[in-house]
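The values are calculated or read from the model by the stated rules, or taken from the named source; none is laboratory data. Quick caveat: nothing in here was measured; it's all calculated off a predicted structure. Ideal geometry is used to build each Cβ from the backbone, glycine not excepted, and the neighbour counts take in all protein chains shown. The area values use the complete protein model at the heavy-atom level, side chains included, leaving out ligands, DNA and RNA. Shrake-Rupley method; radii C 1.70, N 1.55, O 1.52, S 1.80 Å.
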Amino acid sequence: SSTPLKVAVTGAAGQIGYSLLFRLASGALGDRPVELRLLEITPALKALEGVVMELDDCAFPTLAGVEIGDDAEKVFDGVNLALLVGARPRGPGMERGDLLEANGAIFTAQGKALNKVAADDVRIGVTGNPANTNALIALSNAPDIPTDRFSALTRLDHNRAISQLAAKTGAPVTDITRMTIWGNHSATQYPDLFHAEVGGRNAAEVVGDQRWLEDDFIPTVAKRGAAIIEARGSSSAASAASATIDAARDWLFGSAKDDWVSMAVLSDGSYGVPEGIVSSFPVTTKDGDWEIVQGLEIDDFSRGRIDASTAELSEERATVTELGLI
Ligand code: NAX
């Protein structure tokens, strides 16, 4: 269809936005023209105008239009895809509860606005941290939008895990399939090599080194964000934008045959993950829908790791429930 896909991006004047917008505008989601709807807080609108000047200057053939604003109900009007990137970073002296509360205000308002004005086919991806619980807050405040239209980003963790496994085994990234991130997009996340494959062979067996898996692979993937801040002096932005695009593209157009992706979605109780939290699972996607991959065997090691991360999500859920955000 040549009607533009209306894509909202929040936090559009931020670091991730600076990479994400140019990819979206240049056709990362396909040949269909894209209309960008960019939401920022009022003090960032001037900077955002500068970014829009640069978007104009790229003369992208697939960019059908750009609108910016600080009013979610206007910006989200009729959007087919909403990428919620903007969030309140953790400031000095802020406790975890303070962070959940500050973001709660953002994601309750944005959930309500999407509920009111988004297109019937809207898909909503949350990148802004704490992403899983922000997605839970947004979906809880959008009662007319089916809950399966919301997901939180664990694709960056997924891609990081693929890259680490490829480096360890000497295989190209294209040979790595069936990677899974379970749980929270946080240091407790569990990147699972027991179901992943390298050239069709079980990854844990190919690696053959439980110590590397526990002491090297899992912490490297889980703490990669901190390592990038340490090296670069600011947090991962281009890779986060790239993962946000990968996640949206696969959601809308489908995951590869015989493979799956990681997405944080509202748990239906699969694999003993408590219902009512937004947790990362292995999922296949097709035509804008996702399904949790069923029937994987979970050994004791994986069980412990999954339970630890989902317990953290249950605690976050309890906190935002107490705060009256969901
Ligand atoms: P920046 O601080 O550069 O940009 C965030 C932008 O959001 C700012 O321009 C700010 O004005 C805007 N904003 C704040 N409140 C808003 C609101 N209510 N409505 C609209 N815009 C609002 O952060 P950046 O590096 O771009 O990261 C954005 C978010 O992604 C952060 O929460 C970050 O923690 C999170 N990340 C999530 C990742 C993931 O894998 N899920 C990885 C990368 C990143 O750390």
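Taking interchain pairs and intrachain pairs at least six residues apart, which have beta carbon atoms under 6 angstrom, with the first residue in the range 18-44 and free of Cβ contacts under 8 Å to residues at least 40 places away in the same chain and farther than 14 Å from Ala8 by Cβ and the second hydrophobic (A, V, I, L, M, F, W, C) and in a strand (DSSP E or B)?
The qualifying pairs are Arg32/Leu5; Pro33/Ala64.
Please enumerate the residues belonging to the range 1-52 that are over 19 Å from Ser242 (Cα atoms), within 15 Å of the ligand (Cβ to nearest atom) and open to solvent by 40 Å² or more (accessible area, probe 1.4 Å).
Within the range 1-52, Ile41, Thr42, Pro43, Lys46, Ala47, Glu49 qualify.
Exactly one of (1) under 23 Å from Pro89 (Cα atoms); (2) assigned to a helix (DSSP H, G or I) is unmet by Ala12. Its number?
The failed condition is (2).
Since Glu291 meets every condition but one in (1) in a strand (DSSP E or B); (2) within 16 Å of the ligand (Cβ to nearest atom), which condition does it not meet?
(2)
Within the range 83-124, can you find the residues that are near the ligand (Cβ under 9 Å from one of its atoms) and open to solvent by 70 Å² or more (accessible area, probe 1.4 Å)?
Those that are near the ligand (Cβ under 9 Å from one of its atoms) and open to solvent by 70 Å² or more (accessible area, probe 1.4 Å): Arg88, Pro89, Arg90.
Filter the range 53-82 down to the residues that are assigned to a loop (DSSP other than H, G, I, E, B) and either touching a helix residue (DSSP H, G or I) at 6+ places or on another chain (Cβ under 7 Å) or more than 15 Å from the ligand (Cβ to nearest atom) (or both) and list them by number.
Residues satisfying the conditions are Ala59, Phe60, Pro61, Thr62, Asp70, Phe76, Asp77, Gly78, Asn80.
Hey, could you check the range 272-290 for residues that are of a type outside the set (Val, Ile, Thr) and touching a strand residue (DSSP E or B) at 6+ places or on another chain (Cβ under 7 Å) and say which is nearest to Ala311 (Cα to Cα)?
So the first thing to find is which residues in the range 272-290 are of a type outside the set (Val, Ile, Thr), and the list is 272, 274-276, 279-282, 286-290.
Filter again for touching a strand residue (DSSP E or B) at 6+ places or on another chain (Cβ under 7 Å), leaving 279-282, 288, 290.
On the way: Ser279: 10, Ser280: 13, Phe281: 15, Pro282: 18, Gly288: 29, Trp290: 24 Å.
Within the range 272-290, the match that is nearest to Ala311 (Cα to Cα) is Ser279.
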